[in-house]
1. Would you confirm whether any residue within the range 51-68 is of a type in the set (G, A, S), in contact (Cβ under 8 Å) with a residue 60 or more places away in the chain and closer than 16 Å to A122 by Cα?
2. Condition first: more than 16 Å from the ligand (Cβ to nearest atom), charged (D, E, K, R) and in contact with a strand residue (DSSP E or B) (Cβ under 9 Å, 6 or more places away or on another chain). Can you find one or more residues in the range 73-95 that meet it?
3. Can you tell me how many residues in the range 84-101 are touching a residue at least 24 places away in the same chain (Cβ under 8 Å) and in a loop (DSSP other than H, G, I, E, B)?
4. Does the range 1-46 hold any residues that are more than 10 Å from the ligand (Cβ to nearest atom) and under 30 Å from M102 (Cβ atoms), and which are they?
5. Just the residues that are in contact with a His (Cβ under 9 Å, 6 or more places away or on another chain) and open to solvent by 30 Å² or more (accessible area, probe 1.4 Å), please, taken from the range 78-100.
6. Inside the range 1-23, can you point out the residues that are touching a residue at least 24 places away in the same chain (Cβ under 8 Å), open to solvent by 50 Å² or more (accessible area, probe 1.4 Å) and assigned to a strand (DSSP E or B)?
7. May I ask you to list the residues in the range 24-57 that are part of a loop (DSSP other than H, G, I, E, B) and either at pLDDT below 95 or open to solvent by 10 Å² or more (accessible area, probe 1.4 Å) (or both)?
Amino acid sequence: MASIFSKIISGEIPAYKVAETDQFLAFLDINPNAPGHTLCIPKVEVDKIFDLDEDLYLKLMAFSRKVAIALEKAVPCKRVGMTVIGLEVPHVHVHLIPLRSMDDAKFTHKTLLESEDFDRIAKDIAGFI
Ligand code: AMP
């Protein structure tokens, strides 16, 4: 069965998209640690990040870096943190989290946002890419 992220890629379910190439997609995490929490994924569905072939892995890092630089310009924060977990969704994703404090790095610390907030933040980040 296709992962929830493959369904976002195919357009079957919606997402607040930030950036897209033929190989990668960046969109806002629906349950963010902090406003601007973004996920970067390869379009190919692979479960674990270190199972990606080296070329795709390095390209994912380059794509994530580009998104992180835009994110830091668009969302007030001290820096952008990067985490890979994958215990919930078995489709490689890089978490980019605008950090204002250590709490923002904790996945037990969540921020409630309205759909207008998600829309605005996604557009703000996309504006710097
Ligand atoms: P993990 O697999 O533990 O790295 O976490 C998966 C992340 O995906 C969590 O932060 C979820 O909030 C996020 N997530 C799950 N479903 C969606 C979705 N439909 N759109 C955006 N983010 C999602």
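1. Let us first name the residues in the range 51-68 that are of a type in the set (G, A, S), namely 62, 64, 68.
Then keep just the ones that are in contact (Cβ under 8 Å) with a residue 60 or more places away in the chain; that gives none.
Among the residues of the range 51-68, not one is of a type in the set (G, A, S), in contact (Cβ under 8 Å) with a residue 60 or more places away in the chain and closer than 16 Å to A122 by Cα, which makes the answer no.
2. At the first step, the residues of the range 73-95 found to be more than 16 Å from the ligand (Cβ to nearest atom) are 73-79.
Of the ones still in play, those that are also charged (D, E, K, R) are 73, 78-79.
Pick out the ones that are also in contact with a strand residue (DSSP E or B) (Cβ under 9 Å, 6 or more places away or on another chain) and you get 78-79.
Yes, the range 73-95 contains at least one residue that is more than 16 Å from the ligand (Cβ to nearest atom), charged (D, E, K, R) and in contact with a strand residue (DSSP E or B) (Cβ under 9 Å, 6 or more places away or on another chain).
3. Looking only at that region, the number is 8.
4. K17, V18, A19, F24, L25, A26, A34, P35, G36, C40, P42
5. M82, T83, V84, I85
6. Within the range 1-23, K17 is the sole residue that qualifies.
7. First pass over the range 24-57, keeping only residues part of a loop (DSSP other than H, G, I, E, B): 29-37, 43-48, 52-53.
Selection gives D29, I30, N31, P35, K43, V44, E45, V46, D47, K48, L52, D53.
A quick yes/no check of all residues on (1) surrounded by 14 or more Cβ atoms within 10 Å (Cβ to Cβ); (2) without any contact (Cβ under 8 Å) to a residue 12 or more places away in the chain; (3) assigned to a loop (DSSP other than H, G, I, E, B):
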residue	(1), (2), (3)
P76	no, no, yes
D104	yes, no, no
E116	no, yes, no
I125	yes, no, no
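The values are calculated or read from the model by the stated rules, or taken from the named source; none is laboratory data. These numbers were taken from a predicted model, which means no experiment stands behind them. Please note: Cβ atoms are built from the backbone with ideal geometry, for glycine as well, and neighbour counts cover all protein chains shown. Surface areas here come from the heavy atoms of the whole protein model, side chains and all, with no ligands, DNA or RNA. Shrake-Rupley method; radii C 1.70, N 1.55, O 1.52, S 1.80 Å.
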